[in-house]
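Quick notes on the structure that follows.
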Amino acid sequence: MKLENYHQQSSFFLIAGTCVVENEEITLATADYLINLCKKLDIPLVYKGSFKKANRTSINSFTGIGDLAALEMLAKVRHTYNCPVLTDIHESKDAAIAAKYVDVLQIPSFLFRQTDLLMAAAETGCHVNIKKGQFAGADAMKHAMQKVSDSGNNNIWLTERGNMFGYTDMIVDYRNIPVMQSFGVPVIVDCTHSVQQPNNGSGTTGGKPEMISTIAKAAIAVGADGLFLETHPNPKLALSDGANMLALNELEPLLVALLKIRAAVV
């Protein structure tokens, strides 16, 4: 199925994978599980993995295994499973490099206003998933979209990922979903970064993963086109964002419940 048709399903599509590419074993095991599960449930999948993490709290945090090695691993998932792949980019120069290996370039939420980054992503011809800033309202995303579309690329997705509530918590305003859908693009809800508790003094982001299912169920009930979530065979051992991930073995019952919710509201 072409990416352009992902949001035209009666159900929803899923963007899922590890936060960052850690090694080949975890990447392929996670991809294999996700792809087989999504085939079983008839949910279109985009595999997600960051080829590097430029946005870590502490200078001592893991940032990646090396750009080329990670991108080649994502390409291996892409070709082995015939599955589209998404990765984040943080600098304009990343866009053309990453586009050789993946199908979707994701703009992190704190960079959604970076004009050069958006234009560079657009010029690759890849789909561009723009995360709404933690400090922004839904209406602001019209301007981010325009930077991509004015660069000749209309393959745009928008992602709701919560707004800062105080210094260390997030809250999701579900009104943002229909507002951004009114712009004529698919809207995704990030169910894992929305439960983060960033900016704490430890240098490592915390989270409330027990709330992932709540965020996801509400998103599907409201009519989100897709869901984004990070998952790992063992979140406690994840090298990035483990505190707000969903354990891989907890995904199937959640997706089954979500399909029932969507069927009830469509």
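List of remarks:
- Dividing the mean sequence gap of close Cα pairs (under 8 Å, 6+ apart) by how many residues the chain holds gives a relative contact order of 17 percent.
- Relative packing of peptides 225-238, 12-25, 171-184 - highest average C-beta neighbours within 10 Å first: 12-25, 225-238, 171-184
- For Ile130, the amide hydrogen comes within under 5 Å of the amide hydrogens of Ile107, Trp157, Leu158, Thr159, counting only partners 5 or more places away or on other chains and with H modelled in the peptide plane.
- Put simply, when 68-77, 251-260 are sorted by average Cβ atoms within 10 angstrom per residue, most first, you get 68-77, 251-260.
- Packing rank of 29-38, 185-194, where each peptide gets the mean count of other beta carbons within 10 Å, highest leading: 185-194, 29-38
- Dipole moment magnitude, nearest 20 debye, segment 3-265 about Cα centre, only Lys, Arg, Asp, Glu C-beta charged: 300
- For Glu22, distant residues with modelled amide H under 5 Å away: Thr27
- ³J(HN,Hα) computed for each position of segment 224-229 - Karplus, 6.51 cos²θ - 1.76 cosθ + 1.60, integer Hz, glycine/proline x: 4, 6, x, 10, 10, 8
- The alpha carbon centroids of segment 29-53 and segment 101-146 are separated by 22 Å.
- Considering only Pro44, Val148, Gln134, and ranking their Cα positions along the charge dipole of segment 16-150 that arises from unit charges at the beta-carbon of Lys, Arg, Asp and Glu, the one farthest toward the positive end is Gln134.
- For the chain, DSSP calls about 10 percent of its internal beta bridges antiparallel.
- Phi-based couplings in Hz for segment 74-81 (Karplus 6.51, -1.76, 1.60; Gly and Pro marked x): 5, 5, 5, 4, 4, 7, 5, 10
The numbers here are math on the coordinates, done by the rules we state, and not lab data. Worth saying up front: this structure is predicted, and the values here are computed from it rather than measured. Cβ atoms come from the backbone with ideal geometry, glycine included; neighbour counts cover every protein chain shown.
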